[in-house]
Each structure stands twice: as structure tokens, then as C-alpha cells.
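Novice: Sharing a structure, written as C-alpha cells. Questions coming.
The values are calculated or read from the model by the stated rules, or taken from the named source; none is laboratory data. Predicted, not measured: the structure shown is a model, and the values here were computed from it. Note that we place each Cβ from the backbone using ideal geometry, even for glycine, and neighbour counts take in every protein chain shown.
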Amino acid sequence: MTLATNQLPEIDVEGWVCRKCGQPLKVSLVAVTYMGSSFEVELPGCPNCGFTFIPPVLADGKMLEVEKMLEDK
Amino acid sequence: MPMHPQILRDFDPHCVQDEPPACQTQCPLHLDARGLAGLMAEGKLKEARKIIDRYLPLNGLTAYLCEGPCGRHCRRSELDQGVDVPLLERVCVAQTQAARLMPLPRSGQAVAVFGAGLSSLTLAWELGKKGHQVTIYHTGPAGGRLVGHPGLPAQAWLETLEWLDKLRVVFEEVAFSPAALAEARAGSQSVYLGFDDPALTPELLGLSAAEAEVSPVSLLTSQDKILAAPFHPGPPRFVDELAAGKRAAGSIDRLLQGVSPEVARVAEETYPSRLYTSLADIPVKSTQPPADPWVPTLAEAQAEAQRCLPCQCLECVKQCVYLQHYLTFPKKAAREIFNNISTALGNRTSNILALSCAECGLCREICPGQADTGQFVHQARQEMVYGRHMPISAHEFALEDMAFINSPEFSFFRHQPGRETSAYLFFPGCQLPASLPVATESVYSHLQNHLEGGVGFALACCGAPARWAARPKLTTRMVETVRGLWASAGQPRVILACASCAVFFQAELPEIPVETLWNVLAALPRPAGAAAGEVLAIHDPCAARHDQATQASVRELAQKISQPLEELHFSGQLARCCGYGGLAAAANPALGAQFAQKRLGDTDKPLLAYCIMCRDRLRREGRPTVHLLDLMFPGQPPAEAAQRPAPGLSDRQEGRRRFRDNLLKKLWGEEPPLATEMENIIINIPEEVAARLETRRILRSDIQRVLLDARERGPIFSHPGSGRQLAGLRPRQVTYWVEYSLCPDGSYDIHDAYCHRMVVPGIPGEGRDSVSVAEGFNPEGGRA
Ligand code: SF4
Ligand code: SF4
Ligand code: SF4
Ligand SMILES: [Zn+2]
């Protein structure tokens, strides 16, 4: 499964920080799973605490698209 | 797991849309005249020529000879005159080149032919192309009845002879005699006797009439290796001669290959077409004979071709937005759904096809072959569930809602206040109390006032969504809930307000005696406050299409309260679906809306519904619509009730909860449970955010749940610049995000809320729920 970063919309994380540790968000490669498929995607999140940040454009767009694709597999 | 092929085999013959039209089944050569007419109408002569070359022997010679028996069978002939197909053929062959001849290499097999009539030439043409050596023995000029035919251009005849020459066909003049026959028989694999050549008779060859008689299938005589043209009563027709030559050639080819010439000769006969074609609304358009019948012009041919209807059924498609949307018809859709389910690998791109049908049954009522597409689709869904590739997201929301309503904490039964037994049980269903709480309460009190023996009350969902979603375990669980409520009521007669409940009870709970609310009300006195308004077009729910008694009761009730009605053509047995049926709108919201819009296209009057889902869906698409209870037990004037907006998902859930608490308190004096901490969370949602939540199917309670968790655990991210927070939680197989600001009064301003089903690292929550557990969904977002 490919979910290349260049297909992802520009994610604006300006000004968001991790509430727990106060760190600004950083993009890193994280494992995303659905319907038994697992793949690595570059997503913003807290580099310390491991929380992933998902903005609405991503949830309504690319993620929904891939979810539908995997459900049809 | 593949879908059982028998399901497709049972369905297939019901849909006749891909059956050949009458012109083709009644053509002895089975020319695709509909295809030809379509291309000729558009002036696509080259493509049209391909059809002619494919079906008609002798490179277009047929065009000048065929008597056009199809014209008599053409559906157009019932309106004015049949399409003149030979005319189209003549123009096409006159103005195009035939395809290049590509005979197969010599086979070394020899075939002898007696007589040089049209059947002999056809046979020689067909077998010559296969590489066989054909010799035609004749007396006098070749051509039989063709000689001197007025419409046959000399040029076309010469070309035909040239073509035959290229196929190495040899013409040899002989005197017909028994000895000539014996010699030919000894020197070849097969002998064909073309009795359509007037110069040839059985006697000349020393054969009796009986010896020249043929099997109608193979045209073989009782004499070894000898085939012959059949005798047709009546005046001879060229088209029969062409067909005989083609059929005999087929037999000889089979004999040479060692295959029986008698079996598996499908559709060579002429036969009545099974294709249904409606002639309604087709204007009369008489044929215009060409100025010169032998040399028609292209314009004349195009005008004639445009008279072809063309024949097709699509009766159901004309009425079904689902089939229209997917540019399909039932037989085609069924195959696609079948193949999709049976796919072993790769994407099942047609899942959505099986999920978007409303299972409303309208197509079956319309179809000349009673093809029950809804039922087929339902069986397909069952197979998808068994095969574990039913996508969960399509139905999950509706199923969760249903499971919650039927949970022991929410569903309830009570005897009529002050009574210990119930002669009746009022079961309004899950949606009516949610959308029309006051009228539900009023009709309940009306029933109590007029029915003897006590009317108990049950709040639950019948379970129809589980059935639509084809989930057997969940359906059983819902059935058990309902049966349990009925048992605690003492097994009384159940009064149902919803047509889908009625269908569900009949199918899944046949032991429970039921009556529709409308039949019951029709027998009771008119409610005192009933109000009527302007003319309303009545909309029957599709689930009630076979319930004539209820349809009649509803009309009787309208009359009783002096409500004038307009009857629509698509009502009663032909009722249209609002899009809720089969959870179509749940799986495919945009298409679901089109169902309702199709209904609105039938009239510009405001509507009267007696199913609350129909009412709300029609209203949502913009038409003022009232529910019959709005008129019988009005909480507001009919015109206002018609404008009442359709409740959103959260409104529905909260309305249902309020209805429950109010009723329990008012009638049975039961205090509602104290609001939980979660329910006490006050959220402020601007309108544009609320609209987004509706499309994303996020409930206000989902937001409250996330905020409650964030209260304990703290939100995940914050935005110090704006003071906003972002909380995330995965309480079930969906991760919810809420962006909010905390207000000084302790309430929350919601800036946005959104969700996804994929699992990303770091988001707290259980990630599973009761429906998924019951149906074995994988908490990672798996399927069941
Ligand atoms: S009405 Fe529909 S299902 Fe029936 S034969 Fe025609 S196209 Fe097929
Ligand atoms: S209307 Fe067209 S398709 Fe129908 S029978 Fe006539 S020629 Fe054939
Ligand atoms: S939506 Fe209704 S009319 Fe259309 S195919 Fe399905 S059952 Fe038939
Ligand atoms: Zn952190």
C-alpha cells in the first residue's frame, strides 16, 4: 500500500503543540493500519509522546479514499 | 468465497433486456438489424457494413434479394409499418466496400453441389471460406431464380461470381442424372442438392420424394453423405434459400470435423423474441418509400433507419435512479455483482453497487418478467456477509443506532397506566417517536381511549436495518428483543405504525399477530382536533406496496378528516421508495437523495406520507410534506407542519431519548435517570459546523464523549496562540477529533469535529463496540 507523502495535502500545523510536553509538532514516518493492512505514512505528531495529529482535510480526503479502497479489497 | 451460481441462474432469465429483438429472431439469417439501423441512422456506413458482412452471405448480394420478412415482425409494424431493413442493406452495400476475403488454407476436403441456385451459391461461399473445395454442377446459366431478377445490379452479380472464383469454387455444366450423382458422391465428402434451382429435381437424380426429404435441423437426407434444400410450401423466397445454404454449410462443416450436425444448433430457427418493448409514447412515423426502390439514397436510408425504435425493455430503469446512476439494467448489474463477490483477488469495485439498491421492489412490479432485483441484491448482500467482505462503514451508523435503541437500558415495555394486562401493544417503531414525539403520544392516548382491554406501549426498533444490512446474527438479536417485549406484554396483538416494521414482523416474527395503526385508526372515531389543509399528493411507502388494506385505510382516514388528496401514478403497488429502503441512503447518501427527488418529480403538490422516514426524507429534499399523524393529531397547523424541517441525526437520537423520558414520567410516573456527566457537557455548535457533522455522521453525543475523555485525560494538542484545543478519542472503530475552546461558563465552543476509521498511533480509546463484537468485526477496523 502506498500513501506517498506527495499525494497528501499540505498540512498546516503552525502553532499546534503537544499538550503534554509542549513540543511543537514534527513530521515523521508512522504506521497506519486498517482492514488488516498496515503502511507507513509521513504525518505530523509529537516527537516525544507519539501522538499523531490528523487535520480535517486529511480525514475527509485521502484517509476516506484509502479506507474505501481497502474496504473494497 | 464465491457467490452461489444458482442465485444468478435463477435471476437471469427474468430480465429480458439483452434478448435479441424481433427483427433479429425472425430473420432467417439472424441479422442484427437493430445494430444496423442504429449505425445507418448516424450515417456510419463503414461500421454498418461490418454487420452486413458478419451475418449475410455472398458479400452483400443478399441486400438485393432479401424479401425482408423481419418487417412483418418489427415492433414498429404495430404502430405504422415495420422498418424496411433490406432498404438499409442496399444503400449500405452500394456505398461501401466489402471486407477483404480471407479464406482459410485448403483443407483437402471436397464438396459437390448440384444446382446453381441461391442456396448452392451460399453454401459454396461459406465452405469456400473454410478452405474446402466446392464444385457446383449445373445445367444452363448459374444463378437459378436469380437470373433476370430486376433488382439485382449486373455489377453485383459479376462481383459475386468473381468472389466465388477467388474462393476456388468450380462451376461445371453437367446433365443431371443418377450416374452424375453417383460419381460426385464417390469423389467427395458430402453432396448438397440445391433444389431451389428450378432446373434440378429429385427425379432427374433418380431420387424419390421421400429420399430427398431432409432433417429440418441438419438438412441431411436419409441417403448417406447427401444433404438437400428443404421444400417450403408457398412461393419461394430468396431469404429461405440463403438460410438453407448457410444451414447446410454448417452441417457439412460439422460432419467434416466429426461433430454431430443435429445437436446444439442454437437459435438458427426463427422464433418469437422475448425482448419486451413498450410502444407507449412512441409517435407514429410512417415509412417514406424511396423514389427509386432499387437505388435508394443515403438520406432515404437514414430516414428509414431512424424509424427503428430501437427495441429495448429498460422499463424498470426508466423508474429507478439506482439503475440509472450506474448506467445498468438488472441482468447486467446482477452479473457485475456476482462477479464482484466471486472475485478471489483484487478490488471489489462493485461493492457499492450491491449496497446502493433500495430493495424497494418497484422494478419487480414493473418488469414484464418479474425480475426481482431487490431480492437478488439482498441475496448478494447475504453472500457478502458470509464471505466476510461486507464493508462495515456502509451500514455501521444505522446498526449502531438500532442496537442502542434495543439495548435493555433504552427499549422498554409498559402496560397501559393503571392496568396489569394488555389486549394490544402499540409499537410505534424507532423513528416516529424520534421525529414526531407529540403526535406519537397523542395517538397512543387515542388508542387507549377507544380500544378495550388495555393498550401497552413498547419502544424499540423492529430490526429492519439489520435485515437490510443482511446481518443474520444481529437480526436474530433484534428479533429476540422484540419477541421479549411482546412476551412481557402477554403476547397481545401488536399495532404497528411503520410499514417497514410490518414487513419485518411478517418475515421474521410471523407468530406475532399484527395490525397496522392505520387499519386500527380507520375503525375508531375521528380524533377531535384533526385538521385538514390544501390538496396533498399521497405518497405510499414502498414497504406497503402489497398492503392494500392499509393503503385503503389511509385514504379513508384522509376522507374522514376532509383532507383532499391527489393520487399519483406511482403509488399503491407502484409506490416509489424515498431512498431509506435497503439502507440505500446509509451506504450512498447522494443516491439516496435522488430517490426522494425522483418522487418529488411526480408532482408539485405538497405531499402526505404515512411513514415518518418518507416524510422526513421528502421534506429534506425541499418539498413541504406532512405525516398523516400531523393532520390527525396536529401540534401545529398543517401548513406549518409541512414546513417543519427534517430532524438531523443528533436531533433524532436526542428526540427519541426525550420522548422516552417524558412518556415514562408522564404516564408511569417514572423519574428519568439523572443526566450523566457526559450529557451535562454543554456544547455550542455553529450552524455551518453542524451541517458538516451531519455529512460526517458525527453526533453531538460523540463530541460530548470526546470532551468527557479530554476532561480526564486532557486534550492531545493545543494551540497556545488561539487558545484552541484538539482532543482525539477512538471509542469504537472510529477515531473522533474535536477542535474546541473552553468558554468561561464551562461550556465548549466547537470549531470543528471530524473522524476517520484508520488507526493512527497514540489515540486513546477502546476501538470496539457492541455491534462489532456481536458480528465479529476486527477492532482494527476489520470486516465481517
Ligand atoms: S423491466 Fe428491467 S429487469 Fe425487467 S426485463 Fe426489462 S430491463 Fe430487465
Ligand atoms: S423497431 Fe428496430 S429493433 Fe425493433 S424490431 Fe423493428 S427494426 Fe428491430
Ligand atoms: S432500487 Fe428498487 S427499483 Fe431499483 S433495482 Fe433496487 S429494488 Fe429495483
Ligand atoms: Zn508530547
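Novice: Which residues, taken from the stretch B:658-696, are within 42 Å of the chain's Cα centre (by Cα), buried (at least 19 other Cβ atoms within 10 Å of the Cβ) and part of a loop (DSSP other than H, G, I, E, B)?
Specialist: B:Ile685, the sole residue that qualifies.
Quick grid of which residues meet (1) within 11 Å of chain A (Cβ to nearest Cβ); (2) in a helix (DSSP H, G or I):
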site	(1), (2)
B:Asp702	no, yes
B:Pro715	yes, no
B:Asp745	no, no
B:Pro761	yes, no
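Novice: Moving on to the next point. For the stretch B:159-203, which residues satisfy the criterion of being closer than 23 Å to B:Leu58 by Cα, part of a helix (DSSP H, G or I) and of a type in the set (Asp, Glu)?
Specialist: Of everything in the stretch B:159-203, those that are closer than 23 Å to B:Leu58 by Cα, part of a helix (DSSP H, G or I) and of a type in the set (Asp, Glu) turn out to be B:Glu159, B:Glu162, B:Asp165.
Novice: Further, regarding this structure: Can you tell me which residue within the stretch A:26-49, out of those that are exposed (fewer than 13 other Cβ atoms within 10 Å of the Cβ) and outside any strand (DSSP E or B), is farthest from the other protein chains (Cβ to nearest Cβ)?
Specialist: That would be A:Asn48.
Novice: Could you check, for the stretch B:360-379, whether at least one of its residues is under 29 Å from B:Arg617 (Cβ atoms), at pLDDT 90 or above and more than 16 Å from ligand 1 (Cβ to nearest atom)? Show your work before the answer.
Specialist: Applying the first criterion (under 29 Å from B:Arg617 (Cβ atoms)) to the stretch B:360-379 yields B:360-367, B:370-379.
Now drop any that are not at pLDDT 90 or above, which leaves B:360-367, B:370-379.
Filter once more, keeping what is more than 16 Å from ligand 1 (Cβ to nearest atom): none.
No, that holds for no residue.
Okay, residues lined up against (1) surrounded by fewer than 14 Cβ atoms within 10 Å (Cβ to Cβ); (2) under 25 Å from B:Asp10 (Cβ atoms); (3) within 16 Å of ligand 3 (Cβ to nearest atom); (4) away from every other protein chain (no Cβ under 14 Å):
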residue: B:Pro290; (1), (2), (3), (4): no, no, no, yes
residue: B:Arg307; (1), (2), (3), (4): no, no, no, yes
residue: B:Pro310; (1), (2), (3), (4): no, no, no, yes
residue: B:Val317; (1), (2), (3), (4): no, yes, yes, yes
residue: B:Val321; (1), (2), (3), (4): no, no, yes, yes
residue: B:Tyr326; (1), (2), (3), (4): no, yes, yes, yes
residue: B:Lys332; (1), (2), (3), (4): no, yes, yes, yes
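Novice: Here's a follow-up. Only residues in the stretch B:33-50 that are more than 16 Å from ligand 1 (Cβ to nearest atom) count as the first member; pair them with residues that are in a helix (DSSP H, G or I) and among the basic types (Lys, Arg), Cβ under 6 angstrom, at least 6 apart or cross-chain, and list the lot.
Specialist: none
Novice: Right, something else. Going through the stretch B:380-396 one residue at a time, which ones are within 14 Å of chain A (Cβ to nearest Cβ) and either of a type outside the set (Ser, Thr, Tyr) or within 16 Å of ligand 1 (Cβ to nearest atom) (or both)?
Specialist: The first filter runs over the stretch B:380-396 and keeps only residues within 14 Å of chain A (Cβ to nearest Cβ), leaving B:384-385, B:387-396.
Listed by number, the residues that qualify are B:Met384, B:Val385, B:Gly387, B:Arg388, B:His389, B:Met390, B:Pro391, B:Ile392, B:Ala394, B:His395, B:Glu396.
Novice: Find all pairs meeting these conditions: Cβ atoms under 6 angstrom apart; at least six residues apart or on different chains; first residue within the stretch B:316-338 and closer than 24 Å to B:Ala575 by Cβ; second residue near ligand 3 (Cβ under 10 Å from one of its atoms) and hydroxyl-bearing (Ser, Thr, Tyr).
Specialist: B:Tyr322/B:Ser356; B:Pro330/B:Thr373
Novice: Provide a single number: the residues in the stretch B:482-513 that are assigned to a helix (DSSP H, G or I) and either aromatic (Phe, Trp, Tyr) or over 23 Å from B:Glu409 (Cα atoms) (or both). Full working, then the answer.
Specialist: So the first thing to find is which residues in the stretch B:482-513 are assigned to a helix (DSSP H, G or I), and the list is B:482-488, B:499-508.
Next, from what is left, pick out any that are either aromatic (Phe, Trp, Tyr) or over 23 Å from B:Glu409 (Cα atoms) (or both): B:486, B:499-500, B:502-508.
Matching residues across the stretch B:482-513 total 10.
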